[in-house]
Amino acid sequence: MHALVERLYPLCRSITGDGVRATLEIVGEYIPLKVHEVPTGTQVLDWTVPEEWNIRDAYIADLSGKRVVDFAASSLHVLGYSVPVSRTMPLAELRGHLHTLPDHPSWVPYRTSYYQPEWGFCLAQETLDALPDGEYEVRIDSTLADGHLTYAEHVVPGQVPDEVIVSCHVCHPSLANDNLAGIAVATFLARALAERTPYHTYRFIFAPGTIGAITWLARNAERIDRVKHGLVLACAGDRGSLTYKQSRRGDAEIDRVMRHVLAASERPHRVAEFTPYGYDERQFCSPGFDLGVGSLTRTPYAGYPEYHTSADNPAFVSPEAMADTLAVCREAFAVLDRNRRYLNLSPYGEPQLGRRGLYDSLGGRSDAKQAQMAMLWVLNLSDGEHSLLDVAERSGLPFDTVADAAGALHGAGLIKA
Amino acid sequence: MHALVERLYPLCRSITGDGVRATLEIVGEYIPLKVHEVPTGTQVLDWTVPEEWNIRDAYIADLSGKRVVDFAASSLHVLGYSVPVSRTMPLAELRGHLHTLPDHPSWVPYRTSYYQPEWGFCLAQETLDALPDGEYEVRIDSTLADGHLTYAEHVVPGQVPDEVIVSCHVCHPSLANDNLAGIAVATFLARALAERTPYHTYRFIFAPGTIGAITWLARNAERIDRVKHGLVLACAGDRGSLTYKQSRRGDAEIDRVMRHVLAASERPHRVAEFTPYGYDERQFCSPGFDLGVGSLTRTPYAGYPEYHTSADNPAFVSPEAMADTLAVCREAFAVLDRNRRYLNLSPYGEPQLGRRGLYDSLGGRSDAKQAQMAMLWVLNLSDGEHSLLDVAERSGLPFDTVADAAGALHGAGLIKA
Amino acid sequence: MHALVERLYPLCRSITGDGVRATLEIVGEYIPLKVHEVPTGTQVLDWTVPEEWNIRDAYIADLSGKRVVDFAASSLHVLGYSVPVSRTMPLAELRGHLHTLPDHPSWVPYRTSYYQPEWGFCLAQETLDALPDGEYEVRIDSTLADGHLTYAEHVVPGQVPDEVIVSCHVCHPSLANDNLAGIAVATFLARALAERTPYHTYRFIFAPGTIGAITWLARNAERIDRVKHGLVLACAGDRGSLTYKQSRRGDAEIDRVMRHVLAASERPHRVAEFTPYGYDERQFCSPGFDLGVGSLTRTPYAGYPEYHTSADNPAFVSPEAMADTLAVCREAFAVLDRNRRYLNLSPYGEPQLGRRGLYDSLGGRSDAKQAQMAMLWVLNLSDGEHSLLDVAERSGLPFDTVADAAGALHGAGLIKA
C-alpha cells in the first residue's frame, strides 16, 4: 500500500482533470475500475458539474529567469483551480496571491478556489522571506474549460444484491494521508474481499470530494435503496489511533458493528458522534438519503498539524498504520457479512441438543463450554428481533463464536434465517 | 422591582379579601390587569369558593390597654382567616391560640386556617416569654362573609394564539420572597415581553394559591388546549441560586428550554424533578390537565429558615437576585419563541451555499466558521423531527447561532417552517 | 426448614425414580401436594420422558469383600443414571469409571449421565489414592426401565386466577443447598402465603430440573397465559448474600419488584442479567414462552467451591440464611400482590382532601406528612399508566406507605382500580 501512495503522490489531482484520470489509471492496475466521465454543466442534485481544470506548468521566476517557486517541484505550489496568468509584477503586488504558513515556515500549505475565479501560489514562509523585492514573472499555464468530472467504481459482487459502499475522495493533490492512504486501503480492501464471494455486494467509489459524491448520488437514485451500509475512508495512514465517526442515525448497523469490532479488538480508538462536516459522509448522511454510512479515519480531519500541508507526505503515513486500518475494515465487514437475524424453530423450552449431536460436535474443542453457551444464547434470542451482533453483545461472547453456533444450529434445522 | 416589593409588603393578603384587591390595584399601575371576582359558593372543579375574609384590626392588650401584639405592626400577627373574637382571658387560656417559633425566638411565624374556623395570633417567642401571667384582652375585628375570590390576568398578545402562562400566587401577607418577589418579577417580565410582539401569547395570572389556580382552571376549560407552556414563579428574590422544577412530563418543551438556558448560561443552578407538592404547578400538572408547566424559584419552597416567617422581609430579597430571575425568564422565553421545526427543502446532499451568497454573508463576521457550521447542522437535522433546540443541543452550538442560521436559510428559501 | 433439609438429605434423588417420590411424600407432610406421574416415552415439547431409574445398592469391594466405596454411605457415590453392572476388574480398568476432585481430595463429586448409558462411581481422591492395585468387585444394582417421571404441585388459591409460579428442582441427590434449601423455603413460603388469601394464585412446582420443567410446560399449555409472574428458587441456604437473576425480559414486573424490595431492604445483594443457563428459568424464559420468571438464589449456580460436591451438606446451609431468603420472598410477593394501577376519578386539579376527612385520618400518626405526600403522589400519577410501584419509585416513598394511601383514596371514592 505504501508503494501505491508513493506512486500516486506526485500527481496533481483536483476535483476534475487529468490528475484524477492518471490516479484512477494507476489504481486500475490493482483492481478493475469502471470510469465515469460526467460533462461540465450537468445538473447534479443542487449543484452543477464545473469546468474541467488542467494545468501543465506554473512558476514564479525572478528576472534572471530562475524559478523561485515551481509547480514541477510540488503540485501544492499552485492554488487549486487557478485561472491562467502570465504577467510580470512587483513582489508587493504578488504578495496578495501568495499563501504561506507562518507558524510552520518550512511547510507549503494546500489551498483551492473551486467556485471563485482566482489564481495564486502556495509556498513556504521561509521561501517568501528570502525573496528580494523587485519584479517577478508569474505564470500559470492552466485551462478552465468544458470537459468532464471523472470518478470510478469497482464492485465486488456478493451473494446478495444489498450493497455496502466504500468511498474515498481522490481530489487532493500531493497529500499522502489525505487521501492517498485512504485510496490505497480501499484498493487493497477490495482485493481482500474478492478472495471469496462476500455476503454483501461491495461497491468502491473513487470520486472527488463533495461534487463527486453528489454526482454519484445524483446518478444512482435507483440504487440508493440497495445501499444498506457504507464507510467513508480518509486519513487512513497516520500513526494516530483509529477514529470511527458514526452515521447521522448513530445506531445504524455499521455503527454498531464498528463500535463492536473496535471495542472487541482492544485497539485504542475513539467513537465520534456524527457532525455534518468532514468528508463525504456529509452527502450520504444528508437528511434526504440518511444512509447508514460512517467514516473511518486514524487522526480525523484537521486533527494533526501536517493536515493540508506539504508535511503530509509519504513519510507521514506508515505501512503499519495502513495495514491496521485495512485489518479493522476486514474485521468489520466480516461481522457485517455474518450478522443475521434467525428464528428459533423450537422456541418452547430448550430443544434437546444432545440428541442432535450438537454437544458431541464440541467434544474435542477447548472452547466447548463457550460454544455450548453460544448455542443456548442464539436459541434464546432468535425471536426475529435480535441479530447475532445483539446476541454477541448481550452474552459477552465473541461474535465469531456466536456466528459459528448459529451455523451449527442452522445445520441442525433448529433455526432459520 | 424592589420598590414594588416594599410597597406591597405591608398589605394583609389572604386567599380572598381587600388585601388582594389592593395588591392588584398597585400591580395595575405597572401593567393593565383584568380583575375577576368570583362569588363565594361557586363550584370550581372539586372545590367551592369560600367566604371572603376581611380584617380591620386585631390585638392582644394587657389590662392597662397596652397592645402587646398588634396587627397594625405586621399582618403576620393574625392567624389567616381567623374568625372574629373579642374577649378577656388569662394568658394560660390564651396560649392555646398563640403560635411562635422557639428556634427563632425573635421571628413571627406565618400561619393560616382557611378551611377550619379558628382564631389565633402569631408572635415572637421572646414577646411571649416577656408576657406576665394575668388577664389579656384579645380582639380580632374580622369578617367572614359571602363575597368574592379575586384574581387578575394580564395578556401580552403574540403572533400566534398559542399561550404561555406565567402564574404567581398573591395570597401571602407580609412575606417578601414568598411571593412579592415573584409578583414583581412577573410584572416586569410582562413589560419586557411587550417591548416587541412576542411569538407566543403570554398570559400572566395573579391569583391566590391553590383555590385561585383551581378557579382559573375551572373558568378556562375552553382555553386549556391553547396553553402550550407555562411557568410558576415563586421565591424569586432570595440570594440563593436558581432552581427549576420540571413539569410532571419532565420532557415538556419548557423543561428542555429551561434546562438548556440554565446550563448554557453557566449560572449555578439546580434542576429538580416534579413533585405534586409546592406551588400551583400542582394544579396545572394534575393528571387531567398535565400541562407543560414548570416552576422557577431561587431557593425553593421551605428551603430557607426565613420561609414563612417575619424574617422573609424586603431586606431578605435582593434587587440583583430579582434581576437575575427576570433575565433567565427572558432568555428562556426568547428560546421558546424562536424554537421551531423546519423542513429542509433540498434534503438530498448539501445545497450549494456559496452560490446563494450564504458564505459571503458571513465574510466579515468573527464567528463565520460557527455560523457556517450552524447552517450545515440546521440543514442536516431539518427533517421535521428536530427542533432548533435539538439542533443546538446536538451540535453544541449556541441556540442563537442556530436560530440565526435557520433565519438565513429560510431567507434563501432552503428550509420552510 | 433446616430440619426438613436434614430429613431429605440422605435420599437418592434423580430426574426419575423412587427418591423423588419419597421426597415429595415428606414435603407432602407440610403442605398438600398433587403428585403427577408421566409415563416413560411421553413426548414433552422437544424431549421424551426417559426410562425411570432406580437403585437399591452399589459398591466397590476389595477381594476380601470389604466395601471401599458404598452407596449406602452417600447417594453421591454412584454416577446418576448408572446402568447396572456386576463385575470384577483390576483397578487399572476401574479407574476409567471413577470420578474424583483432585483439588478437594476429601470431597466426593456429584456426576450424572442421564442420556448416555454409562456407569461409574464418585469418590474422594484420598480414598482412591489409598486403594492398592489389584482386582475389585464392582456392583451397581440399578434398573433402567419403563416407568414414570414424577413431579408435584401445590396451589395457594388467591383472589384472582392470575398465577405466580414458584418452581424448584427436586432431582439432586444428597446436596443440601442445591436444592433441599430451595425446597424447604418453597414449602414454608407456601404455608406463609396461605395464612390469608393472597391476591394472586400461587402455584408451587416441585419437579426435576430441565425435563421436569419441560414436562410441566408441555402439560400446561392452556394455563401459561394465566402465569403472570414467577420465581425459580435454588441455592437458597448458603451464607452468601442474595442474587436475583432477572427474567429474559429484564423489565418484567417480578424484576422490578425484586429489585425494589432488595434495594429498599438494604440487604447486600446482587441483581444479575438473564442468561440462558442456570436453573429452570431457562425453560420458562425460552423465547416461545418468555414468561416473567426470575430466579432467586443466595450464591448463584457454580459460584461456591462446595457446589456439586459432598461438601454441600446440611452444615453448609444455615437456618438464618433460609429464613432470610423466605423473608425476601414474602416481602416481594406482598408488593406484587398490592401493586395495582389506579385511575384518579377527580383528575382535574387536586381534589379537596380535607373536606373528605383524609387529612384528619392522619392526625395521630407520626408519619402524617409522609402519608399526605403519598396521597398526592397517588392522585397525581393515577392516570392508568403508573402502578403503585411506579409511584413508590418516582416519589421515593416506601411502597407500603403508597399502597396505604391508595387504600385510603380508594375508600374515599377518589380513585378506582
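Observations, loosely collected:
- Fully extending the segment from A:LYS369 to A:LYS66, taken as 0.36 nm per residue of separation minus the present Cα-Cα distance, adds 101.5 nm.
- Between amide H atoms placed 1.01 Å from N, distances below 5 Å from C:THR16 occur with C:TRP53, all of them 5 or more places distant or on a separate chain.
- Per the Kirkwood formula applied to alpha carbons, the stretch C:341-416 shows a radius of gyration over Rh ratio, Rg over Rh, of 0.93.
- Our coupling estimate for the stretch B:155-168, obtained by passing each phi through the Karplus curve with A = 6.51, B = -1.76, C = 1.60 and θ = phi - 60°, is 10, 9, x, x, 6, 10, x, 4, 10, 10, 9, 10, 10, 9 Hz, Gly and Pro reported as x.
- The value for the stretch A:1-109 of Rg(Cα) / (2.2 N^0.38 Å) is 1.32.
- Other protein chain C-beta atoms within 10 Å of residue C-beta, averaged over A:110-117: 1.
- Computed [θ] at 222 nm, deg cm²/dmol, the protein assembly as shown (DSSP H ≥ 4; -39,500 (n - 2.57); rounded to nearest 500): -8500 deg cm²/dmol
- Buried area at the A-C interface (accessible, heavy atoms, 1.4 Å probe, summed, Å²): 1800 Å²
- Cut-off 15 Å, label 7 Å out along Cα→Cβ of B:THR88, residues of the stretch B:108-144 by amide N: B:134-139
- The aspartates and glutamates within cross-link reach of A:LYS66, meaning a Cα-to-Cα straight distance under 14 Å and a gap of 8 or more places when in the same chain, are A:GLU135, A:GLU137.
- Considering only B:ALA332, B:THR48, B:PRO300, the residue lying farthest towards the positive end of the dipole of chain B is B:ALA332, judged by Cα position with unit charges set on Cβ.
- Here's the list of aspartates and glutamates a cross-link from B:LYS228 could span, going by alpha-carbon distance under 16 Å and ignoring same-chain residues fewer than 8 apart: B:ASP162, B:GLU163, B:ASP251, B:GLU253, B:ASP255, B:GLU281, B:ASP290, B:ASP337.
- Vicinal HN-Hα couplings computed from phi for the stretch B:229-237 (Karplus, 6.51 cos²θ - 1.76 cosθ + 1.60; Hz; Gly/Pro x): 8, x, 9, 9, 9, 8, 6, 8, x
- Charge dipole of chain C (Cα centre as origin; +1 on each Lys and Arg Cβ, -1 on each Asp and Glu Cβ, all else neutral): 1360 debye, rounded to the nearest 20.
- A straight Cα-to-Cα reach below 24 Å connects C:LYS369 with the lysines B:LYS245, C:LYS416, residues fewer than 8 places away in its own chain not being considered.
- Across the stretch C:108-124, computed HN-Hα scalar couplings (Karplus, 6.51 cos²θ - 1.76 cosθ + 1.60, θ = phi - 60°) run 9, x, 10, 9, 9, 9, 5, 10, 10, x, 8, 9, x, 10, 10, 8, 6 Hz from first to last residue, x flagging Gly and Pro.
- Surrounding net charge for A:PRO157, when Lys and Arg each add one and Asp and Glu each subtract one, Cβ distance under 11 Å: 0
- Take each residue of peptide A:273-286, count the partner chain Cβ atoms within 10 Å of its Cβ, and average: the result is 4.
- With DNA, RNA and ligands ignored, accessible area of B:GLU273 (1.4 Å probe; Å², nearest 10): 130 Å²
- Descending by average beta-carbon neighbour count within 10 Å, the peptides C:345-354, B:96-105, A:205-214 line up as A:205-214, C:345-354, B:96-105, the highest first.
- Anisotropy class of the stretch B:54-144 from Cα gyration tensor, a/c 1.5 cut: oblate
- Under the combined filter of DSSP loop state and at most 14 neighbouring Cβ atoms within 10 Å, the stretch C:11-66 retains these trypsin sites (Lys or Arg not before Pro): C:LYS66.
- P(r) for chain A, from all Cα pairs and a bin width of 20 Å, is 25, 48, 21, 6, 1 %, short bins first.
- Loop-located trypsin sites (Lys or Arg not before Pro) in the stretch B:334-417 (DSSP state other than H, G, I, E, B) with a sparse environment of at most 15 neighbouring Cβ atoms within 10 Å: B:ARG340, B:ARG365.
- All-pairs Cα distance distribution in the stretch C:15-69, expressed in whole percent, bin size 10 Å: 19, 30, 27, 17, 7, 0
- Alpha carbon centroid spacing (whole Å) that separates the stretch B:341-417 from the stretch A:185-246: 28 Å
- Cα-centred dipole magnitude for the stretch C:321-417, charges only on beta-carbon of K, R (+1) and D, E (-1), debye, nearest 20: 300 debye
- Globularity index of the protein assembly as shown, i.e. its alpha-carbon radius of gyration over 2.2 N^0.38 Å: 1.24
- Förster radius 22 Å - calculated FRET efficiency between B:THR48 and B:ASP162 (Cβ-Cβ, nearest 0.05): 0.10
- Ranking B:VAL27, B:SER265, B:VAL164 by how far each Cα lies toward the positive end of the dipole of the protein assembly as shown (charges on Cβ) leaves B:VAL164 at the top.
- Shielding by partners for peptide A:342-349, expressed as the average number of C-beta atoms from other protein chains within 10 Å of each residue's C-beta, is 6.
- Value of relative contact order over the stretch A:341-416, rounded to a whole percent, pairs C-alpha under 8 Å and six or more apart: 45 percent
- Computed over protein heavy atoms with a 1.4 Å probe, the carbon and sulfur contribution to the accessible area of the protein assembly as shown reaches 49%.
The values are calculated or read from the model by the stated rules, or taken from the named source; none is laboratory data. Just so it is clear, the structure is predicted and the values come from calculations on it, not from any experiment. So basically every Cβ, Gly included, is an ideal-geometry build from the backbone, and we count neighbours across all protein chains shown. For accessibility, only protein heavy atoms count, side chains too; no ligands or nucleic acids. Shrake-Rupley method; radii C 1.70, N 1.55, O 1.52, S 1.80 Å.
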